[in-house]
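Everything below concerns the one structure shown next.
The values are calculated or read from the model by the stated rules, or taken from the named source; none is laboratory data. This one's a predicted model, so the numbers in the text were calculated from it and none came from an experiment. Because the Cβ atoms are built from the backbone with ideal geometry, glycine has one as well, and the counts that use them run over all protein chains shown. Protein only, heavy atoms only, side chains kept; ligands, DNA and RNA dropped before computing areas. Shrake-Rupley method; radii C 1.70, N 1.55, O 1.52, S 1.80 Å.
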Amino acid sequence: MTETMEFRTYSSPHLSGPSHVGRLMRGVMLAAVPGLLMAWWFFGWGVLINLMLALATCIGAEAAMLRLRRRPVRATLADGSAALTALLLALTLPPFAPWWIPVIGGLFAIVIAKQLYGGLGYNPFNPAMVGYVVLLISFPREMTLWAPPQALAEVQLSLVDTLAWSLLGTLPAGTGVDAISMATPLDTIKTQLGLGLTLTEIQADPRFGDIGGYGWEWVNLGFLLGGGWLLYRGTIQWQIPAGVLGGLFVMALLFYAVDSDTYASPLFHLFSGAAMLGAFFIATDPVSASTTPRGRLLYGAGIGILIYIIRAWGGYPDGVAFAVLLMNMAVPTIDYYTQPRVYGQERK
Amino acid sequence: MTDTSYPEIARNGLWNNNPALVQLLGLCPLLAVTTTFINGLGLGIATTLTLIISNSVVSAIRKLVRPEVRIPVFVLVIASTVTVIEISMNAWFHDLYLILGIFIPLIVTNCSIIGRAEAFASKNRLRAAFTDGLAMGLGFTAVLVTLGALREIIGKGTLFAQAHLMFGEFAANWSLTLVEDYRGFLLAVLPPGAFIGLGLIIAVKNIIDQRRARRPVHAVAGEAATA
C-alpha cells in the first residue's frame with residue numbers, strides 16, 4: 001500500500017528533553033526533603049508548621065497577584081516556583097516563630113520581590129531571601145529565638161503545643177520562653193568570643209556536637225545529600241555549590257590556620273548554619289544567579305567569602321541571606337565580563 | 001508658558017506634574033525625613049515656603065538678570081531663602097528643627113526648587129510664579145505627609161506622634177495609637193520602607209491616571225458598538 005508509506009523527517013535537534021519549569025521545581029523540592037526531615041527530627045513540629053503557613057501564604061499571594069496582573073493563574077501556579085520559595089523561606093525560619101512571621105515573609109517574597117518585578121524569570125533578587133531579610137531586620141527578637149535541638153531541650157513541645165504557641169502565643173503551664181529557646185552554635189560563638197572565651201572552651205558545650213553543632217550537622221548533611229542528587233540529575237551545575245563551599249572553606253581554613261582560638265574550623269563552618277542549604281538550594285536559584293560557567297564559579301565564591309566575612313566579623317551570626325542578595329546585585333556585572341567565547345571568535 | 005491659567009498651574013503642581021511623583025525630584029529629603037507624619041509636614045511646609053519665596057523673587061528679577069549668569073543668581077536666591085527659613089525654624093520650632101536636622105539646610109540642593117525657578121519662574125509673571133511655587137510646594141507636601149503617615153502607621157502603629165513639636169503644647173495629646181501593643185515593623189521606618197512606600201504611591205497614582213485615560217475611550221467604543 002503505497003499511500004500509507006510515510007517517511008517522516010524532522011529537523012534537528014532530535015532529542016526532546018523531558019524538562020520544564022514545573023518538573024525542575026518539583027525535583028528541587030523533593031531534594032530538600034532529607035534536610036527538611038532532619039530539621040523536623042531535631043527541631044520539632046515548628047518546622048512543619050512554618051512550612052504549611054509559608055506554603056499557604058505564598059501560593060495564595062501568587063494567585064492573587066496573578067489575577068491582579070491578568071496572567072494565567074492555574075498554569076503559572078503549576079510551575080511550583082511559589083511553593084519552592086515557600087519551602088526555602090520556611091527552612092530558614094526559627095522553628096518556634098509566631099504565625100505571622102512566615103506569613104509576612106511569604107507576602108514580601110512573592111508580592112514585592114517576585115511579582116512586582118514581573119514574576120518568575122524577572123526577579124533580580126532571590127525572593128525567599130528577600131522575605132527572610134525583611135523579617136530579620138524588622139523582627140530581630142522573634143527571628144533570633146531559635147529552638148534547641150529536641151534532645152537538649154528542657155521541654156519537648158508536642159504538635160498541639162507548638163500549634164498553640166505559633167497561633168496564640170501560649171505555652172503549656174510552667175514553661176517559659178527560655179525553655180524553648182537556645183542560641184544556635186554560630187550565635188553562641190559570636191557572643192562568647194565577645195566575653196573573652198576561647199573556642200576550645202566554648203565548644204565544650206553539648207550543643208556543639210561533633211562537627212557543626214548538635215542537630216545542625218545532620219540538617220546540613222541532609223541538604224548535602226539532596227544537593228548531591230540535584231547535581232547527579234543535572235538540575236543544578238557544580239560551579240555554584242563548589243564556589244560557595246570552596247569560598248567558605250578557603251576563608252575558614254586561612255583564618256583557622258592563623259588563630260584557631262578565635263576562628264572556628266573549616267568543617268564547622270561547612271556543617272553549621274545554612275551553609276549547605278545556601279550552597280545547593282538558595283544560591284542556585286536559576287533566575288537570580290549568574291548564568292555563565294565561569295560567572296557561576298565567581299558568583300558562588302563571592303557568596304562563600306561573604307558568608308564567612310559576615311559570620312566572623314559581621315553583626316549577625318549567619319550571613320547566607322545577605323551574601324546571596326549582595327551577589328544577586330553583582331550578577332549583571334559578572335555575566336557581562338564572563339560571557340563565554342563563541343567558537344571562532346578572536347581572543348581579546 | 002506665559003498664558004498658563006491658574007487652575008492649570010494648580011493641577012500641574014498638585015497632580016499632573018507633581019514634583020515627587022512625576023518629576024521624581026527632591027527624593028533625598030523625601031525618603032530620609034518621612035519617618036512620621038509630623039516630620040513630613042515640617043519639611044513640606046519649609047520646602048513650600050522656600051518654593052514660594054524663591055519663585056517670586058526669581059520672577060521679579062527675571063528681566064534684570066542676564067541669561068548667562070541666571071543659574072548662579074537662582075542659587076544665591078534659593079540659598080538666602082533657605083538660610084532665613086532655617087534660622088526662623090531654629091528660633092520658633094527648635095525641637096522639630098533638631099529632628100529634621102541637616103535636611104533643612106539641604107533644601108538648597110532640592111532639585112525641584114531650582115527646577116521651578118528655571119522652568120517656570122524665570123519665564124512667567126510674578127503672580128503666576130507665586131501660584132506655581134505654592135502648588136508645587138503643596139504637591140510635594142502632600143506626598144511627604146502621605147508617605148510619613150504610611151510609614152508611621154506601619155512602622156510604629158501611631159499617627160500624629162510628637163505633634164507638639166509643631167503645633168505647641170495643646171497638640172501634645174494628638175498622638176493616636178492605632179494598634180495597641182504594636183510590635184513595630186522596623187522595615188517601614190528604615191530607608192527601604194521609604195523606597196517601597198514611594199514606589200507604591202507612584203504606582204497608585206499611575207493606576208488612577210490610567211483609569212482616567214481609559215474612560216473616554218470606553219465611551220467611544222460603547223457608542224461604536226451600539227451604532
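Structure values in brief
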quantity: Checklist (1) more than 20 Å from the chain's Cα centre (by Cα); (2) modelled with pLDDT of 90 or more applied to A:GLU346, failing item; calculated: (2)
quantity: Subset of the stretch A:209-265 [surrounded by fewer than 17 Cβ atoms within 10 Å (Cβ to Cβ), without any contact (Cβ under 8 Å) to a residue 60 or more places away in the chain and of a type in the set (Asp, Glu)]; calculated: A:ASP210, A:ASP259
quantity: Search result, residues across the stretch B:113-126 that are under 19 Å from B:VAL84 (Cβ atoms) and crowded, with 22+ Cβ neighbours inside 10 Å; calculated: B:ILE113, B:ARG116, B:ALA117, B:ALA121
quantity: Which listed residue, of B:ALA135, B:ALA161, is out of contact with any His (no Cβ under 6 Å at 6 or more places or on another chain) and part of a helix (DSSP H, G or I); calculated: B:ALA135
quantity: Only listed residue being in contact with a Lys or Arg (Cβ under 6 Å, 6 or more places away or on another chain) and open to solvent by less than 40 Å² (accessible area, probe 1.4 Å), chosen from B:GLY148, B:GLY193, B:GLY137, B:GLY133; calculated: B:GLY193
quantity: Unique residue being farther than 23 Å from A:GLY194 by Cα and either in a loop (DSSP other than H, G, I, E, B) or more than 13 Å from the chain's Cα centre (by Cα) (or both) when the list is A:ALA264, A:ALA242; calculated: A:ALA242
quantity: Residue identified as in a helix (DSSP H, G or I) and within 29 Å of B:ILE196 (Cα to Cα) among A:TYR132, A:TYR122; calculated: A:TYR132
quantity: B:ILE107 being in a helix (DSSP H, G or I), open to solvent by less than 40 Å² (accessible area, probe 1.4 Å) and either on the phi < 0 side of the Ramachandran plot or modelled with pLDDT of 90 or more (or both); calculated: yes
quantity: Cβ pairs under 6 Å, 6+ apart, first in the stretch A:169-188 and in contact (Cβ under 8 Å) with a residue 60 or more places away in the chain, second acidic (Asp, Glu); calculated: A:LEU186/A:ASP318
quantity: Tally of residues being of a type in the set (Ser, Thr, Tyr) and surrounded by fewer than 20 Cβ atoms within 10 Å (Cβ to Cβ) across the stretch B:57-102; calculated: 4
quantity: Some residue of the stretch A:214-231 being in a helix (DSSP H, G or I), acidic (Asp, Glu) and modelled with pLDDT under 80; calculated: no
quantity: Residues satisfying the stated conditions in the stretch A:122-144, i.e. away from chain B (no Cβ under 13 Å) and out of contact with any Lys or Arg (no Cβ under 6 Å at 6 or more places or on another chain); calculated: A:TYR122, A:PRO124, A:ASN126, A:ALA128, A:MET129, A:THR144
